[in-house]
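What follows is one structure encoded as structure tokens, with my remarks underneath.
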Amino acid sequence: MTIEIGLNYIKAFVKTLPEAPGVYRMLDEKGEPLYIGKAKNLKARVRSYTLFDALPKRLQRMVSMTREMEMIVTKTEVGALLLEANLIYRLQPKFNILLKDDKAYPYILITRDHPFPKVMRHRGAVKQKATAFGPFASREAVYKTVAAIEKIFMLRNCKDTDFARRTRPCLQYHIKRCTAPCVGYVTKEQYADQVNEAVAFLKGDSKLLIDRLKEKMYTASERHDYERAAHFRDQMRSIENILNGAGLNLAGIEEADAFAVFEKGGIVGVQVFFVRKGYSFGNKTYFPSNIQGDSQEDVLLQFLEQFYVSRPAPAHIFTPFSMDTAVLEEALSETNKRKITIAAPQRGHKRELMQHVIKNAEAAVLRKLAETESHKNALEGIQKLFKLSHMPQTIEVYDNSHIQGSHCIATIIASGPEGFIKEKYRKFNMDLEEVRGDDYAMMRAVFTRRFAKANEGKWEFPDLILIDGGKGQLSSAQQALKELGLDKDLTLVAIAKGEDRNAGREVFHFTDRAPMQLPFNDPVLFYIQRLRDEAHRFAIESHRKRRDINMKKSVLEEIPGVGPSTKKKLIERFGGAKFVARATREELESVDGLSKVMAQRIYNFFHEK
């Protein structure tokens, strides 16, 4: 019956469609998007969904759920592609192939708003004067590159405020990671040479840089400055080691992203390598969802459309096989305002790169497959141990963190058949008078807040709840669920550290049976320990971030009339709140833009009793 309803609606909708390019949306009974598609000819494309028996099972389910359709006519097929990609990225429909990648890629910045520029890691939009290099595939790739820049070119990485108030070199100078421009150990001109060499390295001008360093080495040697000559020699060796350690000959590849697809056991992985100026900026694997029944070509095409919605495209995009990419090339060229090409390399260094990317895609999928199988076995053990009616799809683990009752944070992590589900992680600020420092009260409060939202339909219910704690925490959580009328519907287990708080001696407390322990070498116990360790990590990390934010709050914010801009001027001028407190009235009045009245108010704040 539902199939007939969906088919009849689509058949009626087809009659209203023009033979023109555009985007169509299939919606369910709640008006939620099921699928978003583009078409060169809307009428012909949507009509194909009425041939129900010829559709893959995934699309048959989609047709049976369709209760409404919408369409937008565009002037060109390119316009349809761009609109489709943006809508999919924003609405995340249930039946589209989805790229789940909300994080901005990291970059390396060389700042340009200070006489002595610094090197720094960065994510997101660049709002300061700086030269950006990237994108890098991962945070690890950025850390590694920044460490190399500090070691080879000895650029500073300190905050401008720290730089301004230093009177002697910091540890970075003593371990030969900085030339100490803060205390005048190098001139602006000498430091500018360091910066220019680092920029040349990041731009990929390695041959020119090595030739320049070789010339400096010979010059220093002729002047009998052998220590400086050795420094330039070590710089050259370090750069050559980095280049030789890449393992790939990327010479001649100026700017490209190389993609490969591999499928096995129902898991599809898309691997991407970033190459800029002959350097590998790292690689990353994606596992797009909703790919059942789609060819590798379809998966990669739709992946590329979404991948470049939120990021600039390089001049060249390499793929493992030829595809009809004319429309996508035109769309990317239009949005990036330059020529973008998509091609499958057939020979030379580019083909070698593609073979390398394909091997990495295969290895990533095989690892994912092994992890998935391991998770499945562990979840089957969990189901048996905790007497669940089905294998759990979502397990939530609860943990609290605070220091003597301050900065109280309650956290939730989630896991399922494919591993940790990061989008379901939650943290709650529990720094409230009624629960502060009371673990039992905190547990009761967080359960009340979390499952009140579930009762309202805002969050899903988990299949299993694990609590880091003993009988007291279990009782508190159970009481909260009872008040919400959920104590009979959810499986609740507390994990106590056990004797001597040693891993392997954990005691499991239940709401409906006696406590128990698992054998020391039980695989299910290992899996639960991993979940608990991840819960600890997330709780401690969240607590640390909260504490750091509170510590960064300046006493200057307590002075009436001191806003963010005044606070910034004071810190830039004096280096910090404690130095502002020591300033005289005359010194405060000398701050650019600070009135005498405000200077007096600040002075009085620190000196009146």
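The values are calculated or read from the model by the stated rules, or taken from the named source; none is laboratory data. Since this is a predicted model, take the numbers as computed values, not measurements. Quick reminder, even Gly has a Cβ in these numbers, built from the backbone with ideal geometry, and neighbours come from all protein chains shown.
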Where a residue in region 374-401 is under 13 Å from LEU492 (Cα atoms) and its partner, wherever it lies, is hydroxyl-bearing (Ser, Thr, Tyr), with Cβ under 6 Å and at least six apart: PHE386/THR491; ILE395/SER415
Output for region 396-441, where each listed residue is within 30 Å of GLU371 (Cα to Cα) and modelled with pLDDT under 80: SER401, GLU418
When residues of region 38-59 are limited to those that are at pLDDT below 90, closer than 23 Å to GLN92 by Cα and more than 32 Å from the chain's Cα centre (by Cα), the one surrounded by the fewest Cβ atoms within 10 Å (Cβ to Cβ): LYS57
Those residues of region 582-609 which are over 21 Å from PHE163 (Cβ atoms), touching a residue at least 12 places away in the same chain (Cβ under 8 Å) and either in a helix (DSSP H, G or I) or of a type in the set (A, V, I, L, M, F, W, C) (or both), in sequence order: ARG585, LEU588, LEU594, MET598, ALA599, GLN600, ARG601, ILE602, TYR603, PHE605, PHE606
Number of positions in region 1-37 that are closer than 25 Å to GLN302 by Cβ and over 40 Å from the mean Cα position of the chain (by Cα): 7
ILE108 assigned to a strand (DSSP E or B), within 20 Å of the chain's Cα centre (by Cα) and at pLDDT below 90: yes
Filtered residue count, region 145-168, keeping only those that are under 20 Å from HIS231 (Cβ atoms), touching a helix residue (DSSP H, G or I) at 6+ places or on another chain (Cβ under 9 Å) and in a helix (DSSP H, G or I): 6
Yes/no for THR335 being within 27 Å of the chain's Cα centre (by Cα) and closer than 30 Å to LEU83 by Cβ: yes
Of the criteria (1) within 30 Å of ALA198 (Cβ to Cβ); (2) surrounded by fewer than 16 Cβ atoms within 10 Å (Cβ to Cβ), which one LEU109 fails: (2)
Region 289-300, residues that are free of Cβ contacts under 8 Å to residues at least 60 places away in the same chain and closer than 10 Å to ILE97 by Cα: LEU300
Top-ranked residue in region 171-194 [being modelled with pLDDT of 90 or more and in a loop (DSSP other than H, G, I, E, B); ranked as surrounded by the fewest Cβ atoms within 10 Å (Cβ to Cβ)]: GLY184
